[in-house]
Amino acid sequence: MTLRLGDTVPNFTQQSSEGEINFYDWAGDSWVVLFSHPADYTPVCTTELGEVARLKPEFDKRNVKTIALSVDDTESHTGWISDIEDTQSVKLNYPILADPDRKVSDLYDMIHPNASNTVTVRTVFIIDPEKKLRLTLTYPPSTGRNFDEILRVIDSLQLTDHHSVATPANWKDGDDCVIVPSLKDPEVLKEKFPKGYTEVRSYLRMTPQPNK
């Protein structure tokens, strides 16, 4: 199946490095970052898994759980985790799904035949507490994922879900935001944005981040 933004992601039950996981139950009311890997013992992915482990306090602050996937089995994962912890100097603190039957890979459309018929591409899925897909990113094998960018997107999604703003190019938490164009009533604007705003154009109005 093809997953599009706003779709409810499919549930699954699959073995992992931390035992059997029912995805919906495991996710609970948290946001989730699910990121896939083509195979165990791959060099770029080894660095990525270590980086996500180091960033756990940042994900925790945002009510985000992380979970990786590789098409190899749990026995292989156990050996790879030992390598990750040794080479990246960090304790792995989240599960790696085992997907030798490609069940989850097929559910989430992680197999791209023109890249490989047998292994997953390196995709990131950001899923909200309602199990809605909010972002996908797909990387080539040669380029490590930028997890600072993934945290930035989560900050933007969580902010814009609760305030009538969008985030401009290169926005980071604490920067000014864009007021959504649909909001036009001056009294409503005054109420929603007590810090004021700057009208650069009628459609481009900048305001300090509302929740800061």
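The values are calculated or read from the model by the stated rules, or taken from the named source; none is laboratory data. Just so we're clear, the structure is a prediction, and the values are computed from it rather than from any experiment. All Cβ positions, glycine included, derive from the backbone under ideal geometry; neighbour counts span all protein chains shown.
Residues of the range 79-100 being over 23 Å from Pro57 (Cβ atoms) and among the charged types (D, E, K, R), which ones? Scanning the range 79-100 gives Asp83, Asp99. Filtering the range 165-212 to residues that are closer than 26 Å to Asp148 by Cβ and among the small types (Gly, Ala, Ser) leaves Ala166, Ala169, Gly174. Scanning the range 122-144 turns up one or more residues that are acidic (Asp, Glu) and surrounded by 16 or more Cβ atoms within 10 Å (Cβ to Cβ). All of Leu5, Leu55, Leu49, Leu34 fail the test of being within 14 Å of the chain's Cα centre (by Cα) and surrounded by fewer than 17 Cβ atoms within 10 Å (Cβ to Cβ), apart from Leu5.
Those helices (runs of 4 or more DSSP H) of the range 63-170 in which 2 or more residues are at pLDDT 95 or above occupy 74-88, 147-160. Just one of (1) in contact with a strand residue (DSSP E or B) (Cβ under 6 Å, 6 or more places away or on another chain); (2) in contact (Cβ under 8 Å) with a residue 60 or more places away in the chain; (3) closer than 22 Å to Pro141 by Cβ fails for Trp31. It is (3). State all residues of the range 55-67 that are closer than 14 Å to Pro95 by Cα and free of Cβ contacts under 8 Å to residues at least 60 places away in the same chain; if no residue qualifies, say none. If the condition is that a residue be closer than 14 Å to Pro95 by Cα and free of Cβ contacts under 8 Å to residues at least 60 places away in the same chain, then Lys56, Lys65, Thr66, Ile67 are the ones that fit.
Taking Val188, is it over 30 Å from the mean Cα position of the chain (by Cα) and either touching a residue at least 40 places away in the same chain (Cβ under 8 Å) or surrounded by 11 or more Cβ atoms within 10 Å (Cβ to Cβ) (or both)? Judged against the criteria, Val188 is a match. If we keep just the residues of the range 1-44 that are among the acidic types (Asp, Glu) and assigned to a loop (DSSP other than H, G, I, E, B), which is nearest to Asp128 (Cα to Cα)? Result: Asp29.
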